[in-house]
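All of the numbers you see were taken from the coordinates with simple rules; none came from a lab. Just so it is clear, the model here is predicted, and its values are computed rather than measured. Virtual Cβ from ideal backbone geometry, glycine too; neighbours counted across all protein chains shown.
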Amino acid sequence: MKRRNKSSKLTVVGFIAVVAIIAGIVLSSQTARRWFKDIASDYTGGLNRTVTVYDYNGNKIESYSGKFDVEYKSDGTVKFDIDGKRTTITGGIIINQEE
């Protein structure tokens, strides 16, 4: 049976350490945090949010609070389900704040 010498063991340990450091840096980045939050939101029914809709003059039209996901469509509409009801907003200014 062939024995590994001490330097090859150190090379393996060094490689593992470098990979762990790189993984720690990448996973602690803001991009990774957002990705983890997206995954958590997908599997737990959304995030606690408050969505407030204003008209173009700055007057508050409606406010929605609860745990839900918000979907932004390419045509400018915003869609979400809250309390079992689908809400679609077209137009206006929408502020989506996580709690």
*When the dipole is taken about the Cα centre of segment 46-99, and only Lys, Arg (+1) and Asp, Glu (-1) are charged at their Cβ, what size is it in debye, to the nearest 20?*
80 debye
*Over the Cα atoms of segment 46-99, how large are the radius of gyration and the largest Cα-Cα distance (Dmax), in Å?*
10.7, 30
*asked:* Just to confirm the number: angle between the C-alpha axis of helix 6-27 and the first principal axis of the chain, 0 to 90 degrees, nearest 10?
replied: 10 degrees
*Taking every eigenvalue of the Cα gyration tensor of the chain, multiplying by 5 and rooting it, what semi-axes result, largest first, whole Å?*
50, 14, 11
*Tilt relative to the chain, helix 30-44 - C-alpha long axis, 0 to 90 degrees, to 10*: 60 degrees
*What percent does the relative contact order of the chain come to when contacts are Cα pairs within less than 8 Å and at least six residues apart?*
21 percent
*Under a straight-distance cross-link criterion of Cα-Cα below 20 Å, which aspartates and glutamates are reachable from Lys67, leaving out those fewer than 8 residues away in the same chain?*
Asp38, Asp42, Asp81, Asp83, Glu98, Glu99
*Hey, if you put +1 on the Cβ of every Lys and Arg and -1 on every Asp and Glu Cβ in the chain, which of Thr44, Thr11, Ile94 ends up farthest toward the positive end of that dipole?*
Thr11
_Using the basic label-point model (7 angstrom from Cα toward the beta carbon), what is the Phe36 to Val19 distance in nanometres?_
2.0 nm
